[in-house]
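Chemist: One structure, as structure tokens, below. Some questions next.
The values are calculated or read from the model by the stated rules, or taken from the named source; none is laboratory data. None of these values were measured; they are calculated from a predicted model. Cβ: placed from backbone, ideal geometry, glycine included. Neighbour counts: every protein chain shown. Note: accessible area is taken over every heavy atom of the protein model, side chains too, but ligands, DNA and RNA are not part of it. Shrake-Rupley method; radii C 1.70, N 1.55, O 1.52, S 1.80 Å.
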Amino acid sequence: MIDYTPTSPVATGAVVVLNDLVCVAPRPIAATTLGAVAVEGVWTFPKASGAIGQGALVYWDATNSNITTTASGNKRAGKAAVAAGTNDTTVRVLINIG
């Protein structure tokens, strides 16, 4: 966990990108209030279409608010902790590993 003070409210489970560091808020953080975000661990994220193999490098697509295997224009989030099929809507990701 690292300290983080957002300018706007952050919901539980929200992704926070700090430059090239993809973080997750484990609990809500009020605007302009010191809180903490996780920088490691396995978290569940919404997933883009397509299958993702276990151990695959994955990226946070801020435009679509999901995890993808497309590196271009996205932030490296970590590696898929488990495989996710084409029809799965979420994927478990070990963040900041890679």
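Chemist: On the Cα set of region 43-90, report Rg and Dmax in Å, please.
Modeler: So, for region 43-90, Rg and Dmax equal 9.3, 24 Å respectively.
Chemist: G13's amide H: which non-local residues (gap 5+, or another chain) put their own amide H closer than 5 Å, with H modeled 1.01 Å from N in plane and none for Pro or chain starts?
Modeler: A25, R27
Chemist: For the chain, what % of the accessible area comes from carbon and sulfur atoms, probe 1.4 Å?
Modeler: Roughly 52 percent of what the probe reaches on the chain is carbon or sulfur.
Chemist: Quick one: compute the contact order of region 18-73, relative version, from alpha carbon pairs under 8 angstrom and 6+ residues apart, as a percent.
Modeler: 25 percent
Chemist: Projected onto the charge dipole of the chain (+1 at Lys/Arg Cβ, -1 at Asp/Glu Cβ, origin at the Cα centre), which of L34, N19, A83 gives the Cα projection farthest towards the positive end?
Modeler: Looking along the dipole axis, the top candidate is A83.
Chemist: At 1.4 Å probe size, with every protein chain present, just tell me what the per residue accessible area of the chain comes to in Å².
Modeler: Normalised by residue count, the accessible surface of the chain is 54 Å².
Chemist: Which residues in region 28-65 place their backbone N less than 18 Å from a point set 7 Å from the Cα of I97 along the Cα-to-Cβ direction?
Modeler: 38-46, 52-60
Chemist: Using unit Cβ charges (K, R positive; D, E negative) and no other charged atoms, how large, in debye to the nearest 20, is the dipole of the chain about its Cα centre?
Modeler: The dipole of the chain has a size of about 120 debye.
Chemist: Here's another thing I want to ask about it. Put a dot 7 Å past each Cα toward the Cβ at A62 and N19; how far apart are the dots in nm?
Modeler: In this crude label model, N19 to A62 measures out at 1.4 nm.
Chemist: Pull up all non-local amide H partners of A36: gap of 5 or more, or a different chain, and H-to-H distance under 5 Å with H placed in the peptide plane.
Modeler: Residues meeting the amide H criterion: Y4.
Chemist: Now for a different question. Throw me the Rg/Rh for the chain, computed over C-alpha atoms with Kirkwood Rh, two decimals.
Modeler: 0.98
Chemist: Suppose a student asked you for the relative contact order of region 41-98, using Cα pairs under 8 Å spaced at least 6 residues apart; what percent would you report?
Modeler: RCO, region 41-98: 43 percent.
Chemist: Hey, another quick one. What percent does the relative contact order of the chain come to when contacts are Cα pairs within less than 8 Å and at least six residues apart?
Modeler: RCO, the chain: 26 percent.
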